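Chemist: Here it is, the structure, as structure tokens.
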Amino acid sequence: MPSPLANKQQTSSSLLIKKEPTPSSWLIKFVDCAFVAIAVADFFDSMVAMALVSAYPQSRLVLYGIISTFLKIAGLIFVIGYPLYWRRAEKRGDFNSALRHAWFRGILRYWLAVEICNYGFAKILETQFAHVYFRADSLVGSLSGYDLTWNYFGYSYALAVIIALFQIGGSILLLFRRTTLLGTVVLLPVLVNVVLIDVFYGIAEGALMNAVVFTLGLTYLLLLRWKDLKAVFLDTISALPPIKLGWAKYVLRLFVVAYAFLFIWHFAGYRHPEYMTGKWQVEQIVRNEDTVKAQAWLTDSTAWKNIYLEESGRIYLSPNPYVFEAKRAQAGFYAYDDRTHTIKWIILEKADTFNVVVSGKDAKHEHWRLVHQKDTIGLTMTKAE
């Protein structure tokens, strides 16, 4: 007879090994096969063909295209036919379904790892988010969402490296069965963020499609462990003793959310009306009954050409009609009184205060008259589109 100690050791070992349930539904089989087909075709297109194209003459591009097309057609046939074969073989009882699930999910894990790792190394080696010189001389308002995204992430190499380390580290975790869930949890927030940026900033469709497929693959791996996640995040109860407040805890929870909303709503109420805010082009300046020359802005920083009234109450007076130069512009705050049609400026640089009377007002044109010290200034304004 085995000793009680041996029985105890055997029981402990069985507790340490937790077998992942193997779903036998047709849907799970179909999803496994679909990701295998996508993985093979995508790996060839993005990691094999691209490298071959850069290394060999373009005359071989046709061959790569034929192989790519063949893999896609074969993958489609595989996705449709193999789950049916798998299902029938499983019913006969002569098919190791668990092993097949393990193989297919291994392919999914390794494919996600190599693809996402690739993006991580691209950031470190600066083939992604590298400095682009023409963008540095472009106006921000003229940049596309793609250019803005590239400039933003390319501004800080340290930030790009940190993102890369998450991508590489999470990918390495995917390569091991024990750390697959941890790798998925690390990578999924990164990929969801990438998808949102790609969608709302108009990134190229190819990049968006890759991000979506990677996100779906990670989501699938996560859902396969739903029971474990539910046990940790929903069923686990804190070991600390409960604080008994009765109905007051519900009021306190509501108060936390409501106070945060009301705090911001209070400041949002200070926004200035839309018909006043925006970019105003100064068509003419008359100072003490003398018209300021059109080219005076080249030497006179008070010969404003553009005035920016922000919703937050900030004002910027810019002499340059083409670009905003922070060093030459004046910044401050303004308050508009709709009843008296007056604006009060407070310019921070010299702590100057201007009282402005608004007249001749319509949707696109205004005339401003202000008195500062001994100067009387008239501004003819047109709101930019």
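Chemist: If I stretch the segment between GLN281 and ALA248 completely, what's the gain in nm (0.36 nm per residue apart, minus their alpha carbon distance), one decimal?
Modeler: Full extension of this stretch gives 6.3 nm more.
Chemist: Distance from the Cα centre of the stretch 241-300 to that of the stretch 45-109, in angstrom?
Modeler: Measuring centre to centre over Cα atoms gives 55 Å.
Chemist: Net charge around LYS344, counting only other residues with Cβ within less than 14 Å of its Cβ (Lys, Arg = +1; Asp, Glu = -1)?
Modeler: For residues surrounding LYS344, the net value is 0.
Chemist: What helices does the chain hold that run 30 Å or longer along their axis, going by alpha-carbon atoms, with a Kyte-Doolittle average of 0.5 or more, using DSSP H for the helix calls?
Modeler: Taking the DSSP H segments of the chain (at least 30 Å long, mean hydropathy at least 0.5), we get 61-92.
Chemist: Which one of VAL36, ALA158, ILE67 is farthest out on the positive end of the charge dipole of the chain, using unit charges on Cβ (Lys, Arg +1; Asp, Glu -1) and the Cα centre as origin?
Modeler: My answer, from the dipole projection, is VAL36.
Chemist: Pairs LYS29/LYS230; LYS123/LYS305; LYS123/LYS327; LYS279/LYS350: which exceed 30 Å Cα-Cα?
Modeler: Going by Cα-Cα distance, LYS123/LYS305; LYS123/LYS327 fall outside the 30 Å limit.
Chemist: Exposed loop sites here are chymotrypsin sites (Phe, Trp or Tyr not before Pro) in DSSP loop states with at most 16 other C-beta atoms within 10 Å. What is the longest stretch of the chain lacking them?
Modeler: The answer is 1-94.
Chemist: Mind checking the dipole of the chain: about its Cα centre, +1 per Lys or Arg Cβ, -1 per Asp or Glu Cβ, Debye to the nearest 20?
Modeler: I would put it at about 1900 debye.
Chemist: Springs between alpha-carbon pairs under 10 angstrom, Gaussian network model over the chain: which of ALA113, ALA49, ALA231 fluctuates most?
Modeler: ALA231
Chemist: How many nm is it between the label spots at ALA207 and TRP103, if each spot is 7 Å from the Cα in line with the beta carbon?
Modeler: 3.7 nm
Chemist: Nearest 0.05, what FRET efficiency do LYS327 and LYS227 give at R0 = 45 Å with Cβ-Cβ as r?
Modeler: 0.15
Chemist: Given the -39500 (n - 2.57) contribution per DSSP H run of 4+ residues, what per-residue ellipticity at 222 nm results for the chain, rounded to the nearest 500 deg cm²/dmol?
Modeler: -17500 deg cm²/dmol
Chemist: Also: In nm, to one decimal, how far is the modelled label at ASP337 from the one at HIS367, with both set 7 Å along Cα→Cβ?
Modeler: Taking the simple label geometry, ASP337 and HIS367 are separated by 2.1 nm.
Chemist: Using a simple spin-label model with points 7 Å from Cα along the Cα→Cβ vector, what separation in nm is obtained for ALA258 and SER144?
Modeler: Spacing of the two 7 Å Cα→Cβ label points: 4.8 nm.
Every read-out reported here was derived from the displayed coordinates using simple, explicitly stated rules and does not represent laboratory data. Note that the structure is a prediction, hence the values are computed from the model and not measured. Backbone-built Cβ (ideal geometry, glycine too); neighbour counts: all protein chains shown.
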